[in-house]
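Here is the structure we will look at, set down as structure tokens.
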């Protein structure tokens, strides 16, 4: 089966990260659209999603008009807060098909400022 370009990119990046990362860490998968951003912390050993945060959630959406970069910061802070409640400190960052630039970079830096290690 032939994969299109975006699926090939996602598979290549995710596979590299999974093979290099130690087994004691969870995977942080990020996805973004033209208006929203969401992230999940996933346990690949058990194939379950532990935590998730998105800009589509009611409490974030009701915060008023914010630009997309600030929205990334808000979602990252919320995800970091949830992770601290579950004592998750070490993760590995799966950026998917997106470049480490712009909103994705802001998201990662905000997570680091809030105590996440990757």
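Each value in this text was obtained by applying a stated rule to the coordinates, not by laboratory testing. Not measured: the values here are computed from a predicted model. Please note: Cβ atoms are built from the backbone with ideal geometry, for glycine as well, and neighbour counts cover all protein chains shown.
How many angstrom separate the Cα center of the range 65-91 from the Cα center of the range 24-44?
The range 65-91 and the range 24-44 have Cα centres separated by 11 Å.
Taking the DSSP beta bridges in the chain as the whole, what percent of them are antiparallel, to the nearest 5? Walk me through the numbers on the way to the answer.
Working: 12 of 17 bridges.
Rounded to the nearest five, the antiparallel share is 70 percent.
Once fully extended, how much extra length lies between residue 48 and residue 81, figured as 0.36 nm per residue of separation less the alpha-carbon to alpha-carbon distance? If you can, show how the numbers build up before the last one.
Working: separation 33, 0.36 × 33 = 11.88 nm, distance 1.94 nm.
Additional length available on full extension: 9.9 nm.
Using only the Cα atoms of the chain, what do you get for the radius of gyration and for Dmax, in Å?
Every Cα atom of the chain included, Rg and Dmax give 14.2, 44 Å.
Given an 8 Å cut-off on Cα distances and at least 6 residues of separation, report the relative contact order of the chain as a percent. The partial results should precede the final answer.
Working: 157 pairs, mean separation 34.3, N = 118.
Computed over the chain, the figure is 29 percent.
Highest mean first, how do 63-74, 28-39 rank when packing is the count of other Cβ atoms within 10 Å averaged over residues?
On the way: 63-74: 13.9, 28-39: 17.9.
Ranking, from highest mean packing down: 28-39, 63-74.
When all C-alpha to C-alpha distances in the range 1-61 are sorted into bins of 5 Å, what percent of pairs does each bin hold, rounded to whole numbers?
Calculated P(r), rounded to whole percents: 4, 15, 20, 22, 19, 13, 7, 1, 0.
Provide the gained length on full extension for the span residue 11 to residue 105, in nm with one decimal, where the gain is 0.36 nm per separating residue minus the Cα-Cα distance. Show your work: numbers first, answer last.
On the way: separation 94, 0.36 × 94 = 33.84 nm, distance 2.02 nm.
Working it through step by step, the gained length comes to 31.8 nm.
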